[in-house]
Amino acid sequence: MARFAQHVERAGYGLHIPPMFEHYEVLARVGESTDIVQKEMYEFEDRGGRRLALRPEGTASVMRAYVEHRPTLPWKVWYVAPNFRAEAPQAGRYRQHHQVGVEAIGTLDPDLDVEVISLLDGFFRDLGLRGYRLRLNSLGDPTSRSQYLEALRAHFDAHAGDLSAQARQTATVNPLRVLDSKREQDAGVIAGAPRMVDYLSDDAGAHFERVQSGLRAVGVAYEMAPLLVRGLDYYTRTTFEFAADSLGAAQNGIGGGGRYDGLAEQMGAPATPGIGFGSGIERTLMACDAEGVFAASTSAVDVFVIDVVDGTHALVLTTELRRAGVRADRAFDQRSMKAQMKQADRSGAAIALIVGEQEAADGTVTLRRMADATQETIPREKVVDAVREGLNR
Ligand code: HAM
């Protein structure tokens with residue numbers, strides 16, 4: 001999470017904390033024909049008889065906050081939040097999962113699509129992940145969409161006999177959702193279905209072209225996924241998903257998102273475009289584990305303070321170091337020198353500061369470089385500077 005925050009704040013995204021639950025209608029709007037809303041939402045009534053639901057995803061809440069508070073545009077935010085979906089739990093699919101994500105509201109500029117996509121790609125890269133693919137599609141604007149829906153509906157009508165009963169039913173509500181079907185029986189008809197990219201209006205087509213050339217310009221590899229529709233209703237134009245090769249096909253989505261240019265209007269605000277992504281923390285960690293990405297231990301602190309007098313030196317020294325911006329930790333419970341040394345070793349710290357009876361009496365501290373076990377005794381008041389120098393800061 002800290003890595004994510006650092007990564008997106010560098011690009012001008014500020015922290016936003018969406019509420020855990022919302023009015024049912026706010027959430028229902030993002031997926032009237034989707035499983036996420038229709039079958040998986042935890043709904044309840046509060047003491048005032050209001051119909052509420054636990055948030056199944058973050059975008060609706062962020063957009064509701066935008067509509068209510070109208071911050072200056074573009075409004076770029078990030079979040080880390082639990083989401084709730086009553087799915088059948090299995091590895092990589094949970095009833096409470098956690099997402100890190102961003103939403104950027106207020107411009108239709110395709111360069112923003114590139115920024116958002118490459119932020120997620122950069123985050124995965126920073127973590128050390130390599131075995132994943134970016135799948136890209138455009139769902140067009142309302143003009144292109146209605147023509148495409150006609151073509152899709154006609155295709156499914158013509159092949160109704162080969163579709164599952166569920167897919168036939170879905171096709172009457174929203175034929176796009178049929179493309180999301182994982183049932184084997186529907187696979188053949190879906191493979192032959194018309195593709196959105198062939199129906200894009202000039203404007204949506206030019207937008208999509210610019211997104212692709214932008215991704216190439218910043219070196220983000222992608223593959224076209226003409227049948228990618230995603231599990232929520234609000235998507236328009238650019239949609240994308242990152243799939244990890246190391247995870248099973250049903251749970252390999254480690255992050256996904258897209259534009260939702262019509263959502264603000266649906267919530268009663270003037271039309272305001274937006275784009276974002278959500279990335280599942282649990283699945284991302286599973287992919288990291290599968291690739292052995294965290295094998296090399298990363299140190300959590302720079303300095304470990306060992307105090308075998310009474311702990312007061314450790315208390316004061318760690319505080320001073322932290323105030324000076326140095327990551328520092330210590331042992332508690334007045335443990336033995338040996339036990340504290342062991343803990344210092346495990347902490348991954350580059351430097352151990354040791355205060356024993358002798359140092360306490362002399363007003364000194366022993367500075368030990370953990371890598372080569374060399375050490376020197378320095379005056380107490382020079383400790384912070386010596387540590388900084390030792391850490392090259
Ligand atoms: P989503 O694709 O439904 O999109 O979820 C985003 C990510 O959350 C998935 O790629 C996956 O990593 C993780 N995820 C979803 N459901 C589960 C689950 N049951 N168990 C574990 N992980 C899960 C959204 O939620 C959109 N709000 C993304 C977005 C933001 N689009 C635009 N802005």
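Read-outs: derived from the displayed coordinates by stated rules, not from any lab. Source: prediction; values computed, not measured. When we count neighbours, we look across all protein chains shown, and the Cβ atoms used for this are built from the backbone with ideal geometry, even at glycine.
A few comments on the model shown:
- With Cα atoms, 0 to 90° folded angle of helix 59-69 axis to the chain main axis: 90 degrees
- Pairwise Cα inverse-distance average, inverted: Kirkwood Rh of the range 131-174 (Å): 12.3 Å
- In loop segments of the range 19-62 as defined by DSSP, the GluC sites (Glu not before Pro) with at most 15 further C-beta atoms inside 10 Å of their C-beta are Glu32.
- In the range 162-215, the ratio of gyration radius to Kirkwood radius, Rg to Rh, stands at 1.13 when only Cα atoms are counted.
- Seen against the Cα atoms of the chain and their longest principal axis, helix 110-127 is set at about 40 degrees.
- Under the Debye formula (equal points on every Cα, no solvent term), log10 I(q)/I(0) of the range 230-271 at q = 0.14, 0.29, 0.32, 0.33 Å⁻¹: -0.43, -0.96, -1.05, -1.07
- Take the Cα of Phe44, step 7 Å toward its Cβ, do the same at Asp202, and the gap between the two points is 5.4 nm.
- Debye-sum result for the range 198-248 in log10 I(q)/I(0), which assumes one identical scatterer on each alpha carbon, at q = 0.19 Å⁻¹: -0.80
- Amide proton proximity set for Ile306, modelled H, under 5 Å, gap of 5+: Leu353, Ile354, Val355
- Longest to shortest principal axis, alpha-carbon extents of the range 302-354, angstrom: 28, 23, 14
- Rounded to the nearest 20 debye, dipole of the range 43-151 from Cβ charges on Lys, Arg, Asp, Glu: 460 debye
- For the chain, the 222 nm mean residue ellipticity estimated from helices alone, with every DSSP H stretch of n ≥ 4 adding -39500 (n - 2.57) and the total spread over all residues, rounds to -11000 deg cm²/dmol.
- Simple label model, 7 Å out from Cα along Cβ direction - Ala300 to Glu376, nm: 3.1 nm
- Dipole check for the range 186-288: with +1 at the C-beta of Lys and Arg, -1 at the C-beta of Asp and Glu, and the Cα centre as origin, the magnitude is about 200 Debye.
- In terms of other Cβ atoms within 10 Å, Lys182, Lys76 run from fewest to most in the order Lys182, Lys76.
- Dipole magnitude (debye, nearest 20) for the chain, charges at Cβ of Lys, Arg, Asp, Glu: 400 debye
- Helix axis angle, 337-347 relative to the chain longest principal axis, alpha carbon, degrees: 30 degrees
- Structural size metrics of the chain, computed from C-alpha coordinates, are Rg and Dmax of 26.7, 91 Å.
- Residue (of Leu139, Ala154, Gly122) at the positive-pole extreme of the range 122-165, dipole from beta-carbon charges: Gly122
- Backbone HN-Hα couplings from phi across the range 169-181 [Karplus 6.51/-1.76/1.60, Hz, Gly and Pro as x]: 5, 4, 4, 6, 8, 8, x, 4, 5, 4, 4, 7, 4
- When the Cα positions of Ala300, Phe44, Gly58 are compared along the charge dipole of the chain, Ala300 comes out farthest toward the positive end, with charges on each C-beta of Lys, Arg, Asp and Glu.
- The range 278-339 and the range 354-372: distance between their alpha carbon centers, rounded to Å: 20 Å
- Computed over the range 67-157: relative contact order in percent, which uses C-alpha pairs under 8 Å that are six or more apart: 21 percent
- Computed over Cα pairs, the Kirkwood radius of the range 215-340 leads via Stokes-Einstein (1.002 mPa s, 20 °C) to a diffusion coefficient of 109 µm² per second.
- Cα-based reach from Lys39 at 30 Å (exclusive), listing lysines while leaving out same-chain residues under 8 positions away: Lys182
- Using equal-weight Cα scatterers in the Debye expression, the normalised intensity of the range 256-306 in log10 at q = 0.14, 0.15, 0.16, 0.21 Å⁻¹ is -0.64, -0.67, -0.69, -0.83.
- In whole percents, the pair-distance distribution calculated for the range 62-217 from its alpha-carbon pairs, binned every 5 Å from zero, is 1, 7, 12, 12, 15, 18, 18, 12, 4, 1, 0.
- The alpha carbons of the range 1-107 occupy a box of 38, 35, 27 Å along the principal axes, longest dimension given first.
- Amide H partners (placed H, <5 Å) of Ser164, local residues excluded: Asp186
- Ratio of Rg to Rh over the range 162-262 (Cα coordinates, Kirkwood Rh, two decimals): 0.98
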